Amino acid sequence: MSRVAVVTGGTRGIGAAIAKALKASGCKVAANYAGNDEAAQKFKAATGIPAFKWDVSSYDACAAGLAQVAAELGPVEVLVNNAGITRDAMFHRMKPEQWTAVVNTNLNSLFNMCRPVIEGMRERKFGRIINISSINGQKGQMGQSNYSAAKAGEIGFTKALAQENARSGITVNAICPGYINTEMVQAVPKDVLEKTILPQIPVGRLGEPEEIARCVVFLASDDAGFITGSTLSANGGQYFV
């Protein structure tokens, strides 16, 4: 029987690649999104994957959204926490709302998404939780104290939740992508990309969303049952941990 998987931020970029790869692996996938209705409808039409709209920074919205997914597809067995935003600024110029928005969406969302499903996973003795962190949660990044703090927090959360639930058949792992060829990176000026970013990446290129998706598919599989509390760095050699 196919597993039911939820991917937050699942209709664009890395999340869309993850959702499509999980479907190809045999999962019944629900793609969550926050606000871009046009992109979500295009994604649904192209892939046949249902899209569910809710704000991952709201616990009540997550609980209601996950209940809807369970009613339509079945109990959630694979959860990929991919949704994230940036509100970049040097810290001495950062506004409280920039800090709060990023921490709420990128870090607090892990509680909001995991808490409604964890008891069911424990009862069924199976679960796969995969948190998409970032290279900048490992090494920090100028102008991203909010983002780096939230992404580092995801790694700590992953390790703690993994310890708590290992004996219940639930694995919890994190993936830290480097620079991936998404809309956000494509918006970087070409000269900055070629002269500043690419020289930092030993393999000499950007990663592709599908490469992160393949990491997720493996960690979500039965074959990865002995891997938990781990952080997988997928950054082309840019940063070694």
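Every number here is computed from the coordinates shown, using simple stated rules; none is lab data. These numbers come from a predicted model, not from an experiment. As a convention, Cβ positions derive from the backbone with ideal geometry for all residues, glycine included, and neighbour counts pool all protein chains shown.
Just so you know, the Cα atoms of the stretch 77-122 work out to an Rg and Dmax of 13.9, 44 Å. For the stretch 227-241, putting each phi into the Karplus relation 6.51 cos²θ - 1.76 cosθ + 1.60 with θ = phi - 60° gives couplings of 10, 8, x, 9, 10, 9, 8, 10, 9, x, x, 5, 8, 9, 10 Hz, in residue order, rounded to whole numbers and with x for Gly and Pro. Distances between placed amide hydrogens fall under 5 Å for Leu79 paired with Val6, Arg128, Ile129, Ile130, all partners being 5 or more residues away or on another chain. Within the stretch 179-228, the chymotrypsin sites (Phe, Trp or Tyr not before Pro) that combine a DSSP coil assignment with at most 10 other C-beta atoms in a 10 angstrom radius are Phe226. When the convex hull of its Cα atoms is viewed from all sides, the stretch 101-143 shows a mean projected area of 3.8 nm². Residues Met113, Met142, arranged from fewest to most other Cβ atoms within 10 angstrom of their Cβ, appear as Met142, Met113. Checking every one of the trypsin sites (Lys or Arg not before Pro) in the stretch 83-131 against DSSP loop status and a limit of 11 other Cβ atoms within 10 Å picks out Lys125. As a proxy for reagent exposure, ranking Thr100, Thr86 by other Cβ atoms within 10 Å from fewest up yields Thr100, Thr86. By the Stokes-Einstein formula, at 1.306 mPa s and 10 °C, the stretch 64-146 with its Kirkwood radius over alpha-carbon pairs has D equal to 109 µm²/s. Placing +1 on each Lys and Arg Cβ and -1 on each Asp and Glu Cβ, with no other charges, gives the chain a dipole about its Cα centre of roughly 160 debye. Largest first and in whole Å, the equivalent-ellipsoid semi-axes of the stretch 4-103 read 27, 15, 12, each the square root of five times a Cα gyration tensor eigenvalue. The per residue volume of the convex hull around the alpha-carbon atoms of the stretch 97-239 is 113 Å³. Normalised radius of gyration (Cα atoms, divided by 2.2 N^0.38 Å) for the chain: 0.97.
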